[in-house]
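Read the structure below first, then the notes.
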Amino acid sequence: MGENLSTREVIEELNRQENRQENKAKKNASEANEERKRAPRQKRRVCAFCMEKDEAKRPLYIDYKDPRLKKYVSEGGKIFPRRQTGLCAAHQRELARAVKIAKSMGLL
Ligand SMILES: [Zn+2]
(Lines give C-alpha, C1' and ligand atoms only; values in the text may rest on other atoms or scores of the structure.)
Protein backbone atom coordinates (compact mmCIF):
# COMPACT_ATOMS: atom_id res chain seq x y z
CA MET A 1 0.00 0.00 0.00
CA GLY A 2 2.34 2.69 -1.24
CA GLU A 3 -0.39 5.26 -1.75
CA ASN A 4 -1.14 5.32 1.91
CA LEU A 5 0.77 8.53 2.69
CA SER A 6 -0.30 10.44 5.71
CA THR A 7 -1.50 13.98 5.12
CA ARG A 8 1.57 15.32 6.89
CA GLU A 9 3.85 13.54 4.43
CA VAL A 10 1.83 14.87 1.49
CA ILE A 11 2.09 18.43 2.79
CA GLU A 12 5.82 18.05 3.34
CA GLU A 13 6.27 16.80 -0.21
CA LEU A 14 4.27 19.73 -1.59
CA ASN A 15 6.35 22.17 0.42
CA ARG A 16 9.52 20.64 -0.93
CA GLN A 17 8.30 21.06 -4.49
CA GLU A 18 7.32 24.64 -3.85
CA ASN A 19 10.73 25.41 -2.44
CA ARG A 20 12.39 23.95 -5.48
CA GLN A 21 10.31 26.14 -7.76
CA GLU A 22 11.06 29.21 -5.69
CA ASN A 23 14.77 28.52 -5.82
CA LYS A 24 14.58 28.15 -9.56
CA ALA A 25 12.76 31.47 -9.87
CA LYS A 26 15.36 33.17 -7.68
CA LYS A 27 18.17 31.73 -9.76
CA ASN A 28 16.57 32.95 -12.96
CA ALA A 29 16.14 36.42 -11.50
CA SER A 30 19.76 36.66 -10.45
CA GLU A 31 20.91 35.46 -13.85
CA ALA A 32 18.81 38.14 -15.50
CA ASN A 33 20.37 40.74 -13.19
CA GLU A 34 23.86 39.66 -14.09
CA GLU A 35 23.06 39.87 -17.75
CA ARG A 36 21.81 43.40 -17.29
CA LYS A 37 25.07 44.29 -15.56
CA ARG A 38 27.16 42.65 -18.23
CA ALA A 39 25.39 44.41 -21.10
CA PRO A 40 27.76 47.04 -22.49
CA ARG A 41 26.69 50.63 -22.36
CA GLN A 42 26.65 51.69 -25.93
CA LYS A 43 24.91 55.00 -25.50
CA ARG A 44 27.62 57.30 -26.72
CA ARG A 45 26.93 60.93 -25.99
CA VAL A 46 28.32 63.55 -28.29
CA CYS A 47 29.49 66.82 -26.86
CA ALA A 48 26.61 69.31 -27.07
CA PHE A 49 28.88 72.17 -28.16
CA CYS A 50 30.62 70.10 -30.83
CA MET A 51 27.29 69.41 -32.48
CA GLU A 52 26.76 73.05 -33.32
CA LYS A 53 27.48 73.87 -36.90
CA ASP A 54 27.67 77.63 -37.28
CA GLU A 55 30.54 77.94 -34.83
CA ALA A 56 32.82 76.16 -37.26
CA LYS A 57 35.18 79.11 -37.40
CA ARG A 58 35.72 79.13 -33.68
CA PRO A 59 34.60 75.66 -32.73
CA LEU A 60 35.89 75.76 -29.20
CA TYR A 61 34.61 79.14 -28.13
CA ILE A 62 31.81 79.26 -25.59
CA ASP A 63 30.33 82.66 -24.88
CA TYR A 64 30.13 83.63 -21.22
CA LYS A 65 26.73 85.17 -21.99
CA ASP A 66 25.48 81.83 -23.29
CA PRO A 67 22.26 80.97 -21.42
CA ARG A 68 23.14 77.28 -21.67
CA LEU A 69 25.94 77.72 -19.16
CA LYS A 70 23.35 77.47 -16.39
CA LYS A 71 22.73 73.85 -17.33
CA TYR A 72 26.31 72.96 -16.50
CA VAL A 73 26.48 74.61 -13.12
CA SER A 74 24.97 73.25 -9.92
CA GLU A 75 22.92 75.35 -7.55
CA GLY A 76 25.94 75.70 -5.36
CA GLY A 77 27.82 77.24 -8.25
CA LYS A 78 29.93 74.22 -9.06
CA ILE A 79 30.72 73.23 -12.61
CA PHE A 80 29.61 69.68 -13.28
CA PRO A 81 32.34 67.17 -14.15
CA ARG A 82 32.65 65.82 -17.64
CA ARG A 83 30.99 62.53 -16.78
CA GLN A 84 27.83 64.53 -16.11
CA THR A 85 28.05 67.22 -18.75
CA GLY A 86 29.03 64.81 -21.52
CA LEU A 87 31.29 67.45 -23.07
CA CYS A 88 34.55 66.77 -24.81
CA ALA A 89 37.74 67.73 -22.99
CA ALA A 90 38.30 70.88 -25.01
CA HIS A 91 34.76 72.12 -24.49
CA GLN A 92 34.80 71.26 -20.82
CA ARG A 93 37.85 73.48 -20.39
CA GLU A 94 36.20 76.20 -22.42
CA LEU A 95 33.04 75.81 -20.37
CA ALA A 96 35.00 76.24 -17.16
CA ARG A 97 36.57 79.42 -18.53
CA ALA A 98 33.22 80.80 -19.68
CA VAL A 99 31.52 79.96 -16.38
CA LYS A 100 34.25 81.68 -14.39
CA ILE A 101 33.87 84.84 -16.45
CA ALA A 102 30.09 84.68 -16.17
CA LYS A 103 30.35 84.28 -12.39
CA SER A 104 32.69 87.21 -12.03
CA MET A 105 30.21 89.33 -14.00
CA GLY A 106 27.35 88.16 -11.84
CA LEU A 107 25.55 86.35 -14.64
CA LEU A 108 25.45 83.01 -12.84
ZN1 LIG B 1 33.09 69.51 -27.79
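The values are calculated or read from the model by the stated rules, or taken from the named source; none is laboratory data. Values in this document were obtained by computation on a predicted structure and should not be read as measured data. Glycine gets a Cβ as well: all are built from the backbone with ideal geometry, and neighbour counts include every protein chain shown.
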* Take the residues in region 74-97 that are more than 13 Å from Cys47 (Cβ to Cβ) and in contact with a helix residue (DSSP H, G or I) (Cβ under 6 Å, 6 or more places away or on another chain), then tell me which one is surrounded by the most Cβ atoms within 10 Å (Cβ to Cβ). => Ile79
* With (1) over 25 Å from Leu107 (Cβ atoms); (2) at pLDDT below 60; (3) within 16 Å of the ligand (Cβ to nearest atom) as the list, and Ala29 as the residue in question, which single condition is left unmet? -> (3)
* Asked: What residue, among those in region 75-104 that are among the basic types (Lys, Arg) and free of Cβ contacts under 8 Å to residues at least 12 places away in the same chain, is farthest from the ligand (Cβ to nearest atom)?
  -> Lys78
